[in-house]
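A short worksheet on the structure shown next.
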Amino acid sequence: MFERLRAAGLRPTRQRVALCSLIFGAGDRHLSAEDLHEEAHKAGEPVSLATVYNTLHQFTDAGLVRPLSAEGQRTYFDTNTSDHFHFFVENDNTMIDIPDGTISVSDLPEPPEGMEIVNVDVVVRLRRKAAPVA
């Protein structure tokens, strides 16, 4: 984790290393600051929620994670920073990657003068079907 942080231009402080290990130790995933805060406390890492938010924003600025908005105020952070799209399951408040190649985005508008398109986020909201009434 030290090298990952250094390669991203971040100083590997104890808290950054601990949070980096938690975030990337389980492969590609989507998590909120609150999720990471809870995981850190369960792992015995005494970090404040403010520190978790600050660290996630530093990781975002360094290109280590990608922020995704899906549900009002909650932001999810994706460890897979490649261009891809997502399902958001409302009942569970979870993000799931949509398999590559199943959505195409075309006919994007021209950006305003002096601007460029950086990324296109597609979040398809899902809800579990209600059980049929017998």
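Some points to look at:
- Close pairs from the range 1-28: first assigned to a helix (DSSP H, G or I), partner hydroxyl-bearing (Ser, Thr, Tyr), Cβ under 7 Å, at least 6 apart: 15/51; 15/55; 16/55; 19/55; 23/79; 24/79
- Filter result for residue 81 (closer than 30 Å to residue 2 by Cβ, β-branched (Val, Ile, Thr) and within 16 Å of the chain's Cα centre (by Cα)): yes
- Looking across the range 64-89, the residues that are under 21 Å from residue 102 (Cβ atoms) and among the aromatic types (Phe, Trp, Tyr) come down to 76, 85, 87, 88.
- Residues that are farther than 16 Å from residue 29 by Cα and either surrounded by 15 or more Cβ atoms within 10 Å (Cβ to Cβ) or not acidic (Asp, Glu) (or both), drawn from the range 85-102: 91, 101, 102
- Test: residue in the range 81-88 that is touching a residue at least 24 places away in the same chain (Cβ under 8 Å), among the hydroxyl-bearing types (Ser, Thr, Tyr) and closer than 25 Å to residue 10 by Cα: no
- Criterion applied to 61, 28 was being under 21 Å from residue 4 (Cβ atoms), surrounded by fewer than 14 Cβ atoms within 10 Å (Cβ to Cβ) and in contact with a Ser or Thr (Cβ under 6 Å, 6 or more places away or on another chain), and the one residue passing it is 28.
- Any hit, the range 35-45, residues being touching a residue at least 60 places away in the same chain (Cβ under 8 Å) and in a loop (DSSP other than H, G, I, E, B): no
- Residue within the range 119-134 that is assigned to a loop (DSSP other than H, G, I, E, B), modelled with pLDDT under 95, within 24 Å of residue 27 (Cα to Cα) and among the aliphatic types (A, V, I, L, M) present: yes
The values are calculated or read from the model by the stated rules, or taken from the named source; none is laboratory data. Just so it is clear, the model here is predicted, and its values are computed rather than measured. Reconstructed Cβ throughout: ideal geometry from the backbone, glycine too, with neighbour counts over all protein chains shown.
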